[in-house]
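Participant: Can you keep this structure in mind? I'll have questions shortly.
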Amino acid sequence: MSEEIISDLTNFLYKKDLEKYANYMQKNKIEIVKYNDDRYPSKLKDIDNKPIVLYMKGNLDNINNESVAIVGSRNCSLYGKKNANFFSYELAKRKINVVSGLAKGIDAVAHQACINAKGKTIAIIGNGLDNIYPKENLKLAEKILENNGLIISEY
């Protein structure tokens, strides 16, 4: 480790902030999964630039089950929505996780179709778990968690 990192880690204020964040995460049921944890996604373990930690909220039990990612345009066509809905629903009925990004458009359709089929959906987001974006998908994020799904972030 560099001197700067060692200095940060031994700084009293840094430790105080860590305690504050740890309490926040516990209160909000956010789990940290390290790369050497058994629960870390097996498909990520073999990539060179894997995240050292992932922040997860929801049901971690299905993280390593068979999954298919369905992603697409935010400004999608009706044809795109119909296909995302059909494939997500059918995959979920066959106990295959549907993974998407919780964005507008195809991602939101894929997550919702999976929920409608009583399947497991996983949202991988590009921001912190305490800042769902876009805001219009906040209710969808809540539904994912209510239906035994999972939301994952590097942040």
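Participant: What is the angle, in °, between the Cα long axis of helix 106-116 and the longest principal axis of the Cα atoms in the chain? Nearest 10 is fine, range 0 to 90.
Facilitator: It is inclined by approximately 80 degrees.
Participant: If I fit a long axis through the Cα atoms of helix 12-27 and take the longest principal axis of the Cα atoms of the chain, what angle between them do I get, 0 to 90°, rounded to 10?
Facilitator: So the helix axis and the longest Cα principal axis differ by about 30 degrees.
Participant: I've got another one for you. Return the single residue from 95, 43, 81 with maximal mean-square fluctuation; model: Gaussian network over the chain, springs between Cα atoms under 10 Å.
Facilitator: Sorting by GNM fluctuation, first place goes to 43.
Participant: Distance from the Cα centre of region 8-68 to that of region 88-155, in angstrom?
Facilitator: 18
Participant: Using a 10 angstrom Cβ neighbour count of at most 15 plus a DSSP loop assignment to flag exposed GluC sites (Glu not before Pro), which longest range of the chain is free of such sites?
Facilitator: On the way: sites that count: 66, 154.
Formally, the longest exposed-site-free interval is 67-153.
Participant: Give the calculated FRET efficiency between residue 27 and residue 86 to the nearest 0.05, with a Förster radius of 30 Å applied to their Cβ-Cβ distance.
Facilitator: Numbers: r = 39 Å, r/R0 = 1.30.
Result of the calculation: an efficiency of 0.15.
Coordinate-derived values only; no laboratory data. Remember, it's a predicted structure, so these values are computed and weren't measured experimentally. So basically every Cβ, Gly included, is an ideal-geometry build from the backbone, and we count neighbours across all protein chains shown.
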